[in-house]
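Please read the structure below before turning to the comments.
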Amino acid sequence: DVKVTQSSRYLVKRTGEKVFLECVQDMDHENMFWYRQDPGLGLRLIYFSYDVKMKEKGDIPEGYSVSREKKERFSLILESASTNQTSMYLCASSPGGVYYNYGYTFGSGTRLTVV
Amino acid sequence: GESVGLHLPTLSVQEGDNSIINCAYSNSASDYFIWYKQESGKGPQFIIDIRSNMDKRQGQRVTVLLNKTVKHLSLQIAATQPGDSAVYFCAENIGGGNNRLAFGKGNQVVVIP
């Protein structure tokens with residue numbers, strides 16, 4: 001019954017590596033989001049997308065990029081991983097258009113460690 | 001890695017007691033609110049939502065209260081169980097179309113058996 005799937009639960013990468021975090025949803029949602037979650041800081045929005053090939057910066061986009069080539073898939077890219085990007089990354093999706101006022105469905109998260 | 005519950009306000013509650021978790025929201029124009037539960041190592045899960053035309057909504061063992069006058073939201077959990085131990089955080093729809101939510105930092109609930 002998994003609806004938002006993140007490809008990895010745990011990742012360890014080296015500083016300077018290019019890192020891809022994948023997220024797939026099977027609910028035909030228009031909106032998709034990438035957050036990072038750190039102790040004491042809550043959820044911080046990195047990037048979001050309201051449609052295929054569309055993307056918008058969130059609150060902390062520096063050092064990240066995204067790709068949405070298909071409606072169901074939203075990828076987060078760390079261009080050159082750094083130790084301060086060690087975090088829990090959460091993907092979420094929600095309906096768009098007329099479905100205003102809907103909650104997000106979250107994936108299980110990817111805990112990324114950059115060494 | 002560190003638990004997301006670290007550094008958060010913590011509510012310790014005896015098993016079987018009722019829990020109340022509070023949240024202050026920021027935008028007086030927000031018209032939709034949600035409570036999420038996040039267990040250790042998992043993603044947040046939807047618990048209950050409420051629209052601004054209501055002041056109370058009940059689910060199974062949970063009740064959400066909305067006080068728009070003071071921009072306050074609370075979650076009440078009846079007969080708290082060990083499985084209720086988690087981080088709970090509120091979210092508000094900050095408007096501007098496209099269903100943007102803003103999340104609170106959360107509260108850690110620890111149930112004492």
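The values are calculated or read from the model by the stated rules, or taken from the named source; none is laboratory data. Predicted, not measured: the structure shown is a model, and the values here were computed from it. As a convention, Cβ positions derive from the backbone with ideal geometry for all residues, glycine included, and neighbour counts pool all protein chains shown.
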Inset, instruction - Go through the residues of the stretch B:65-73 one by one and say whether even a single one is closer than 17 Å to A:Gly103 by Cβ and more than 9 Å from chain A (Cβ to nearest Cβ). - result: yes
Inset, instruction - Filter the stretch A:8-31 down to residues that are within 13 Å of A:Ile77 (Cα to Cα) and part of a loop (DSSP other than H, G, I, E, B) and give me whichever is nearest to the other protein chains (Cβ to nearest Cβ). - result: A:Glu17
Inset, instruction - Considering only the stretch B:25-113, give the strands (runs of 3 or more DSSP E) lying wholly within it that have at least 2 residues that are over 30 Å from A:Thr110 (Cβ atoms) and touching a residue at least 40 places away in the same chain (Cβ under 8 Å). - result: B:72-77
Legend entry - Matching residues, the stretch B:7-24, being buried (at least 19 other Cβ atoms within 10 Å of the Cβ) and either among the hydroxyl-bearing types (Ser, Thr, Tyr) or part of a loop (DSSP other than H, G, I, E, B) (or both): B:Leu8, B:Ser19
Legend entry - Members of the stretch B:71-97 found to be loosely packed, with under 15 Cβ neighbours inside 10 Å, at pLDDT below 95 and among the hydrophobic types (A, V, I, L, M, F, W, C), listed by number: none
Inset, instruction - Go through the stretch A:1-51 and give me each residue that's surrounded by 18 or more Cβ atoms within 10 Å (Cβ to Cβ) and touching a helix residue (DSSP H, G or I) at 6+ places or on another chain (Cβ under 7 Å). - result: none
Inset, instruction - Test each condition in (1) away from chain B (no Cβ under 13 Å); (2) hydrophobic (A, V, I, L, M, F, W, C); (3) part of a strand (DSSP E or B) for A:Trp34 and report the one that comes out false. - result: (1)
Legend entry - Criterion violated by A:Pro61 - all others in (1) assigned to a strand (DSSP E or B); (2) modelled with pLDDT of 95 or more; (3) surrounded by 14 or more Cβ atoms within 10 Å (Cβ to Cβ) satisfied: (1)
Legend entry - Condition check for B:Val111: within 25 Å of A:Gln37 (Cα to Cα), away from every other protein chain (no Cβ under 14 Å), buried (at least 20 other Cβ atoms within 10 Å of the Cβ) and at pLDDT 90 or above: yes
Inset, instruction - Restricting attention to strands (runs of 3 or more DSSP E) lying wholly within the stretch A:64-115, give those where 2 or more residues are among the polar types (S, T, N, Q) and within 14 Å of chain B (Cβ to nearest Cβ). - result: A:87-94, A:110-114
